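Taking it in order: structure first as structure tokens, then the write-up.
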């Protein structure tokens, strides 16, 4: 009915986040550094964060940026120890996936890759280029049985990895319960890697990737949702992309040309981790993960987890190689912060006011 009267008012606007909560409040160390560098105007005009780019080659500034990140990681590590009893290495890469748990968001891809890293370390203690701490936070809808099984799998993998001396100092897995805003305010400033790995074409436009970006985390993701716009803003050299495109996913869905069993049979890494779901690899979990196994092979892997596995694993290798060059990593991080002002909700609201409701904006960004 409303569309018939005002068809021009029905259009898309990119989501936004409030930088006042997710940067100014959540990350006072970084906010202070930014204000010292470019002045306080960014608080009311967040696109002025772009002025940070002039510090890209300033080694002293980059070292301050590194120190702030380390302080945030130490605070999160203390929270993890207090809540879970797990001690994590703050010098490791903090690789984070926090969001609603759903099959299309592919927490399963993340945990299967962690299983692969564990298997690789058992065979070769030097297999990992750089130590990793994988951090999950998620909630599943009360009746969403599959999602609850994935949470169980994450915790089973954590128990296996964290209690094996062979992975000590190299690999840790943490699941933080009761994910909520107050916990997110501690997680986003501490993250090195932001996992945004939904099946391409399935994510409308989430905001977690924006919050991570604003706090200097690098995105590892598919070309889906707001990842597309992040890529346009920061450039492909400042993001880690992998996997099928939305067009390729839709082509598979329309043509029926994807067969997950082919990837299972032709990739030893995939075969090993998928078999471990049902072969007794996890003690005291008999039949717990049969549904996950059947989803991947019996129901042809609707969300292309196995199809994207190899590309995802290679992207993780790229992350490790990049992290070894601290200065280059910090430059990438700074570019992400500098470009994040576009995702302020101030801009979103202004676009609604100017382009849809035709009212005068009280604030220009």
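The values are calculated or read from the model by the stated rules, or taken from the named source; none is laboratory data. Since the structure is predicted, the reported quantities are computational estimates derived from the model, not experimental observations. Cβ: placed from backbone, ideal geometry, glycine included. Neighbour counts: every protein chain shown.
Scanning region 9-25 for residues that are part of a helix (DSSP H, G or I) and touching a residue at least 40 places away in the same chain (Cβ under 8 Å) yields 9, 19, 21, 22, 23, 25. Suppose the filter is surrounded by fewer than 20 Cβ atoms within 10 Å (Cβ to Cβ), under 18 Å from the mean Cα position of the chain (by Cα) and over 16 Å from residue 209 (Cβ atoms); does residue 262 pass it? So residue 262 does not fit the description; no.
Residues checked against (1) farther than 23 Å from residue 192 by Cβ; (2) surrounded by fewer than 14 Cβ atoms within 10 Å (Cβ to Cβ):
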position: 330; (1), (2): no, no
position: 337; (1), (2): no, no
position: 340; (1), (2): no, no
position: 345; (1), (2): yes, no
position: 349; (1), (2): yes, no
position: 355; (1), (2): yes, yes
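Is at least one residue of region 237-259 out of contact with any helix residue (DSSP H, G or I) (no Cβ under 7 Å at 6 or more places or on another chain), on the phi < 0 side of the Ramachandran plot, at pLDDT 95 or above and surrounded by 21 or more Cβ atoms within 10 Å (Cβ to Cβ)? Yes, some residue in region 237-259 is out of contact with any helix residue (DSSP H, G or I) (no Cβ under 7 Å at 6 or more places or on another chain), on the phi < 0 side of the Ramachandran plot, at pLDDT 95 or above and surrounded by 21 or more Cβ atoms within 10 Å (Cβ to Cβ). Among the residues of region 304-319, is any under 22 Å from the mean Cα position of the chain (by Cα), within 25 Å of residue 145 (Cα to Cα) and surrounded by fewer than 16 Cβ atoms within 10 Å (Cβ to Cβ)? No: zero hits. When residues in region 219-233 are screened for being outside any loop (DSSP other than H, G, I, E, B) and either crowded, with 21+ Cβ neighbours inside 10 Å or out of contact with any strand residue (DSSP E or B) (no Cβ under 8 Å at 6 or more places or on another chain) (or both), 9 of them pass. Check region 126-137 and report whether any residue there is surrounded by 18 or more Cβ atoms within 10 Å (Cβ to Cβ), within 18 Å of the chain's Cα centre (by Cα) and over 12 Å from residue 172 (Cα atoms). Yes: region 126-137 contains one or more residues that are surrounded by 18 or more Cβ atoms within 10 Å (Cβ to Cβ), within 18 Å of the chain's Cα centre (by Cα) and over 12 Å from residue 172 (Cα atoms).
This table checks each residue for (1) crowded, with 17+ Cβ neighbours inside 10 Å; (2) more than 19 Å from residue 168 (Cβ to Cβ); (3) modelled with pLDDT of 95 or more.
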| site | (1), (2), (3) |
| --- | --- |
| 51 | no, yes, yes |
| 70 | no, yes, yes |
| 88 | yes, no, yes |
| 91 | no, no, yes |
| 102 | yes, yes, yes |
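Given the condition part of a helix (DSSP H, G or I) and closer than 19 Å to residue 219 by Cβ, answer yes or no: does some residue in region 26-45 qualify? Yes.
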